[in-house]
Amino acid sequence: MKKRVGIIGGGIIGTATAYFLSQYPDAEVTLFEKNSIGSGTTAKSAATFCLIDDSVSHEFWSVRLFGFNFYTGIEKKNPGSTGFEKTGTLTVCPYREYEMYVKQAIALTLASDYQAEYWTDPEKIHQIIPDLNLEGILGAGWCPDDGFFDATMTANTLAKMARENGVTIYIGTKVNEFCLTNGKVTGLETSKGHFDFDVVVDASGPWARHVAQLVGLSLPIWHTKAEVFILEPTEKLGYNFPVLKYPRFYARKDKSNVFICKSHQSMDLNDPMHAGFWDPDLLPMTGGTDAYFWDFLTDELMQHYPRLLDASIVNEWVGYRAEPPDFLPVLGPTPVEGYILAAGAGGNGVIEAPTIGRDLAAYIMTDDVSWYIARLPLSRFEKLQYDETGRLISRPGIDIK
Ligand SMILES: Cc1cc2nc3c(=O)[nH]c(=O)nc-3n(C[C@H](O)[C@H](O)[C@H](O)COP(=O)(O)OP(=O)(O)OC[C@H]3O[C@@H](n4cnc5c(N)ncnc54)[C@H](O)[C@@H]3O)c2cc1C
């Protein structure tokens, strides 16, 4: 008999999981998406995928590499299906610790047969972006092979590939309740009726806090605000704009404009301007940015990229990143039998989706627990630490100066 697997959420994580599950002949997979495929956080994403990346640490290099090879493999087979733009990435290093991290990333990139270099010569860096102010800068890493994807297009491509392998996808279908027998998940009540399942995967992104409450679990997942401006320079830039990374912000091209965002590593879960628990259904598709974000960006641009200060803001929006305290996903089993998490991908869900999907599919179908799932269980938060005022004690990771 086939294993019946339900997936809640048709973002990049839910569709990747559906695709990998569809590789198993014994899986009968059904995905529910209450809106349309890739319309949640995935639609608001920058979807940058940098081999020299400061947000998914080197411990997870194989996650970065597998994800990049997976998406570019799909793009190669079916050009245009992931919206990949190979712009390259320039990662600028303002301090030693960051420089060391970037140099390690370059070594890993080269060892994986991609190109990367570290430059200290300002002329070299200015060949990529002539307008950068390089005062006080130590150097920059350059990788010409990476860039960004279109996350919504990629999620739809993965959904199509999953459907071709027999997955049933219901769009416009909301999961309202779980059915439990003796504490085990046995099915879902949805806006299109009842479905029986052996296992349910929660891939509902920032909605996961709400979905988990349906089975009586409280997830340690915060929402951080990912605020975005699309800037139109007063005069055309006149050069190919790469992914540009600084420790506190990043940018990429958006047609002839610039998409600019605060880096997720610089968010503070204890700062109510950055993080909280909100209702993602109340988030508008565009608008809603805070004044602090413009102040933050003005300071950064003044220091690093003054030319962009007279650009006009032609679009803006806010997305909620689903962030656990260590800014890493929460994967695998929970205290509720049959309820599996694929949640908390925060600011890296595009990068992480292929590994999450591959490893969860293997876990569900073969009981194989990969090192990635073993590293990121929900149980790691059993003893969350707070200080005497109730603030979460600072998370591990790279310190952003
Ligand atoms: C501005 C911004 C920039 C980003 N930049 C990058 C980047 O450069 N690189 C990177 O890797 N990541 C980036 N991210 C993060 C990445 O986009 C997310 O981690 C990823 O999209 C999360 O995907 P998901 O599938 O978990 O969630 P979502 O895309 O939010 O999907 C969850 C889906 O579940 C559905 N759903 C919820 N509840 C129910 C229910 N009850 N029934 C049925 N369906 C339900 C929702 O409608 C939604 O479509 C960025 C995010 C933002 C906001």
*Please name which of P25, H264, T15 has its Cα lying farthest along the dipole of the chain towards the positive end, using unit charges on Cβ (Lys, Arg +1; Asp, Glu -1) and the Cα centre as origin.*
P25
*Give the carbon-plus-sulfur fraction of the accessible surface of region 286-376 in %, rounded to a whole number; probe 1.4 Å, heavy atoms of protein chains only.*
51
_What percentages make up the Cα-Cα pair-distance distribution of the chain when the bins are 10 Å wide from 0?_
5, 23, 33, 25, 11, 3, 0
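Could you order peptides 328-334, 289-295 by the average number of other Cβ atoms within 10 Å of their residues, highest first? Please report the intermediate quantities before stating the final value.
Working: 328-334: 23.6, 289-295: 13.9.
Descending packing order for the listed peptides: 328-334, 289-295.
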*Packing-wise, with mean Cβ within 10 Å as the measure, how do 134-141, 265-272 rank, highest first?*
134-141, 265-272
*Quick one: accessible area per residue over region 56-205, 1.4 Å probe, rounded to a whole number of Å²?*
45
*Do the sum for the chain: with -39,500 (n - 2.57) for every DSSP H run of n ≥ 4, divided by all residues, what is the mean residue ellipticity at 222 nm, to the nearest 500 deg cm²/dmol?*
-8500 deg cm²/dmol
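Order K77, K184, K192 by their accessible area, 1.4 angstrom probe, all chains in place, largest first.
Working: K77 180, K184 60, K192 110 Å².
Reading off the accessible areas and sorting them downward yields K77, K192, K184.
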_Solvent-accessible ranking of D26, D359, D121, D198, largest area first, probe 1.4 Å_ = D26, D121, D198, D359
*Counting only residues 5 or more places away or on other chains, whose amide H sits under 5 Å from the amide H of I7 once H atoms are built in the peptide plane?*
T30, L31, F32, V201
*How large is ³J(HN,Hα), in whole Hz, for each residue of region 223-235 in order, when computed from phi with the Karplus curve 6.51 cos²θ - 1.76 cosθ + 1.60 and θ = phi - 60°, using x for Gly and Pro?*
9, 10, 7, 9, 9, 10, 10, 9, 9, 9, x, 4, 10
*Would you please give the residues with an amide H less than 5 Å from that of F178, counting only those at least 5 places away or on a separate chain, with H modeled from the backbone geometry?*
E189
*Rounded to a whole number, what % of the accessible area of region 1-134 do carbon and sulfur atoms account for, probe 1.4 Å?*
51
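Relative contact order of region 105-153: what whole-number percent is it, with Cα pairs under 8 angstrom and at least 6 residues apart?
Values: 36 pairs, mean separation 19.6, N = 49.
Over region 105-153, the number comes to 40 percent.
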*At a probe size of 1.4 Å, how large is the accessible area of K160, to the nearest 10 Å²?*
110
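Between E97 and R380, 0.36 nm times their residue separation minus their Cα-Cα distance comes to what? Provide the component values of the computation, followed by the final result.
Working: separation 283, 0.36 × 283 = 101.88 nm, distance 2.74 nm.
That works out to 99.1 nm of additional length.
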_Through the Karplus equation 6.51 cos²θ - 1.76 cosθ + 1.60, θ set to phi - 60°, convert the phi angles of region 121-137 into ³J(HN,Hα) values in whole Hz; use x for Gly and Pro._
6, x, 4, 4, 5, 5, 5, 8, 10, x, 8, 6, 8, 9, 4, x, 8
*Work out from phi, with θ = phi - 60° and the Karplus expression 6.51 cos²θ - 1.76 cosθ + 1.60, the ³J(HN,Hα) of each residue of region 99-106, listed in order in whole Hz, and give x for Gly and Pro.*
4, 5, 4, 5, 5, 5, 5, 5
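Highest mean first, what order results for 280-287, 311-318 on Cβ atoms within 10 Å? Before the final figure, lay out the partial values.
Values: 280-287: 11.8, 311-318: 15.6.
Top to bottom by mean Cβ count within 10 Å: 311-318, 280-287.
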_Point-charge dipole on Cβ atoms (K/R +1, D/E -1) for the chain, about Cα centre, debye to 20_ = 800
*Cross-link partners of K255 among lysines (Cα-Cα below 27 Å; sequence separation of 8 or more within a chain)*: K44, K76, K77, K86, K124, K160, K225, K236, K245
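The values are calculated or read from the model by the stated rules, or taken from the named source; none is laboratory data. These numbers were taken from a predicted model, which means no experiment stands behind them. Cβ atoms come from the backbone with ideal geometry, glycine included; neighbour counts cover every protein chain shown. Ligands, DNA and RNA are stripped out before the accessible areas are found, and what is left, the full protein with its side chains, is counted by its heavy atoms. Shrake-Rupley method; radii C 1.70, N 1.55, O 1.52, S 1.80 Å.
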